[in-house]
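K.L.:
Got a structure here, written out as structure tokens. Questions coming.
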């Protein structure tokens, strides 16, 4: 194996690991906003690692240019979609999860949940 294949395998492995970490975050976080943060951050980074690893596999070809264009599209649309979802949820009245000093979560009116 040459160095490009090793770097490609490392990037693909990091992308897979980050995808698993993001999935665990989606399952473990307490509310919509923190789950959306886990999904939004990890999908952009995961895509970057995967596309970087694939670009190393393809070399300097038209496929690499297409992968770069896909990454640029994902780089702009994923954070924008996450922001739009958060804004729509906030506008719709979904309160964020708040932890008090006593360690209990409270809702928008201040009642313990």
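K.L.:
Based on the Cβ-Cβ distance from residue 62 to residue 16, what FRET efficiency comes out when R0 is 30 Å, to the nearest 0.05?
P.N.:
Efficiency computed from Cβ-Cβ geometry: 0.70.
K.L.:
As I understand it, the value is the acute angle between the Cα axis of helix 3-28 and the longest principal axis of the Cα atoms of the chain; what does it come to in degrees, rounded to 10?
P.N.:
Roughly 20 degrees, rounded to the nearest 10.
K.L.:
With springs only between Cα atoms under 10 Å, which of 75, 62, 54 fluctuates most in a Gaussian network model of the chain?
P.N.:
62
K.L.:
Moving to a separate point now. Between rounded, prolate and oblate, where does the chain land on the alpha carbon gyration tensor, with a ≥ b ≥ c its root eigenvalues, rounded for a/c under 1.5, else prolate if a/b exceeds b/c?
P.N.:
Here the chain falls in the oblate category.
K.L.:
Taking the Cα atoms only, what angle lies between the long axis of helix 32-58 and the longest principal axis of the chain, rounded to 10 degrees?
P.N.:
0 degrees
K.L.:
Work out, step by step, the length gained on full extension between residue 23 and residue 5: first 0.36 nm times the residue separation, then minus their alpha carbon distance; give nm to one decimal.
P.N.:
Residue separation times 0.36 nm, minus the Cα-Cα distance, leaves 3.8 nm.
The numbers here are math on the coordinates, done by the rules we state, and not lab data. The structure presented is a predicted model; accordingly, all values stated were derived computationally and were not measured. In this analysis, Cβ positions are derived from the backbone assuming ideal geometry, glycine residues included, and neighbour counts consider all displayed protein chains.
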